[in-house]
Amino acid sequence: MGSLEGKVAVVTGAAHGLGRLHALGLAAEGARVVVNDLGVAADGSGRDDSAAQAVVDEIKSAGGEAIAHSGDVADFADAEGMIQAAIETYGDLNILVNNAGFTRDGTIFNLTEDEFDSVMRVHVKGHFAPSKFAMTYWRQKSKNDGSPVYGRLISTASESYLFAPPGQPNYSAAKAGIVSLTMGLAQLGVRYGVTANVVLPRARTRMTTTGPTAAIFQKPEEGFDNFAPENASPLFVYLCTPQAERVSGYVFVVWGQQVKVVDRPNPNGAMFQTDASWNLETLHAELGPHFEKLEPVVDGYTVPAA
Ligand SMILES: NC(=O)c1ccc[n+]([C@@H]2O[C@H](COP(=O)([O-])OP(=O)(O)OC[C@H]3O[C@@H](n4cnc5c(N)ncnc54)[C@H](O)[C@@H]3O)[C@@H](O)[C@H]2O)c1
């Protein structure tokens, strides 16, 4: 018997890449799965309502249970419909894996308003909307039952959140938004039996093989295939299992043979004090000597030692 026997899962963006593997992995553990996907291209263009069904067919031919949902994660009505589809078809919801997304890269000099808005929309609103309806269901169920639910919410961010590549300002801002959103959900969820975590994967999918990262993500001719997406997906499934019930509010990086737990953002750092209100002189008197010893940060979070 699988570790998720009887559980009900929704996976967004599950027709391709990592989402497909999450759906297959959850189903292999016994979960019944709503396979959501809008069937768009790697840049978010187009639409193919049959994309999710292909993964449903794969799950069924392996002996699992699944239904397709071809809605848009960032549309409130579609997001509500996706959560409802799980509850109406399988009688419950236990797992939401927010995964859907796409990239439209460019520096701030080149990105258009639409390229900014569409990437923010699919990631931030596309995590917010399904999470809103899942969390609302879990809170109500917990109140009705008078006991905690079995709820697992996984969000998908990116190391772009940590390192902020200048060629992805829309994507890195969106992924940072997902991390903060999920940390808040983790704090709420603990009252109702819901865990919420974020995973930052590295994997060879169409997202990483159609742009400038293609060379990095190539399959090596020999040795361990670090970027095979099959290395990243098991952590998502693990976080959905009963064994992970104490894991909540964390950010993970996963690739190859590594899992990293990212330190929480640290509000403690260099601290400066004034006796009165700050003004330009007192600010410079305090901050000037500190920054004189430091270089501007040009490589993400790696701050040179003072
Ligand atoms: N591949 C990596 O190395 C990597 C690294 C960091 C983060 N991620 C994140 O992992 C997630 C999955 O990416 P992937 O690499 O598997 O890419 P992918 O393009 O293979 O899969 C993304 C899926 O999302 C679907 N989708 C897009 N917009 C949608 C919408 N509005 N509604 C429903 N479905 C929609 C697409 O149709 C596609 O099937 C994304 O959130 C991505 O940002 C991936």
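The values are calculated or read from the model by the stated rules, or taken from the named source; none is laboratory data. Predicted model, so just to flag it, every value in this text is computed and none were measured. Note that we place each Cβ from the backbone using ideal geometry, even for glycine, and neighbour counts take in every protein chain shown.
A single entry from G81, G91 fulfils the requirement of being without any contact (Cβ under 8 Å) to a residue 40 or more places away in the chain and under 30 Å from Q187 (Cβ atoms): G81.
Take the residues in the range 152-186 that are assigned to a loop (DSSP other than H, G, I, E, B) and more than 19 Å from G13 (Cβ to Cβ); name whichever of them is farthest from the ligand (Cβ to nearest atom). So that I can check it myself, show each step before the final result.
Within the range 152-186, the first condition is being assigned to a loop (DSSP other than H, G, I, E, B), and the residues that meet it are 157-159, 164-168.
If we keep only those that are more than 19 Å from G13 (Cβ to Cβ) as well, we get 164-167.
Details: A164: 13, P165: 12, P166: 17, G167: 14 Å.
Within the range 152-186, the match that is farthest from the ligand (Cβ to nearest atom) is P166.
In this structure, does V237 turn out to be in contact with a helix residue (DSSP H, G or I) (Cβ under 6 Å, 6 or more places away or on another chain), surrounded by 15 or more Cβ atoms within 10 Å (Cβ to Cβ), over 10 Å from V199 (Cα atoms) and of a type in the set (A, V, I, L, M, F, W, C)? So V237 fits the description; yes.
Here the helices (runs of 4 or more DSSP H) wholly within the range 3-102 that include at least 3 residues being of a type in the set (V, I, T) are 51-61, 76-90. Select, from D92, D75, the only residue that is of a type in the set (D, E, K, R) and away from the ligand (no atom under 14 Å from the Cβ). Every option except D92 fails the conditions.
Applying a threshold of 7 Å to beta carbon distances and a minimum spacing of six or more residues, or different chains, the list of pairs starting in the range 160-175 at a residue that is on the phi > 0 side of the Ramachandran plot and ending at one that is within 11 Å of the ligand (Cβ to nearest atom) reads A164/S172.
So that you can scan it fast, the table gives a plain yes or no per residue for (1) modelled with pLDDT under 95; (2) at positive phi; (3) not hydrophobic (A, V, I, L, M, F, W, C):
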| site | (1), (2), (3) |
| --- | --- |
| V190 | no, no, no |
| G193 | no, yes, yes |
| A196 | no, no, no |
| P201 | no, no, yes |
| R206 | no, no, yes |
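The residues in the range 247-278 that are assigned to a loop (DSSP other than H, G, I, E, B), closer than 21 Å to I154 by Cβ and not acidic (D, E) can be counted, and the count is 9.
Under the condition of being away from the ligand (no atom under 13 Å from the Cβ) and touching a residue at least 60 places away in the same chain (Cβ under 8 Å), the residues counted in the range 97-119 number 3. Within the range 201-217, the set of residues being within 6 Å of the ligand (Cβ to nearest atom) and either in a loop (DSSP other than H, G, I, E, B) or crowded, with 17+ Cβ neighbours inside 10 Å (or both) comprises P201, R202, A203, T205, M207, T208. Among the residues in the range 28-37, are any under 15 Å from A85 (Cβ atoms), within 8 Å of the ligand (Cβ to nearest atom) and under 17 Å from the mean Cα position of the chain (by Cα)? Yes: one or more hits.
In the range 210-226, the residues that are free of Cβ contacts under 8 Å to residues at least 60 places away in the same chain reach residues that are of a type in the set (S, T, Y) and within 11 Å of the ligand (Cβ to nearest atom) with C-beta atoms within less than 9 angstrom, at least six apart or across chains, in these pairs: A214/T208; I216/T208; F217/T205; F217/T208; F217/T209; Q218/T209.
Scanning the range 187-200 for residues that are more than 8 Å from the ligand (Cβ to nearest atom) and within 15 Å of the chain's Cα centre (by Cα) yields T195, A196, N197, V198, V199.
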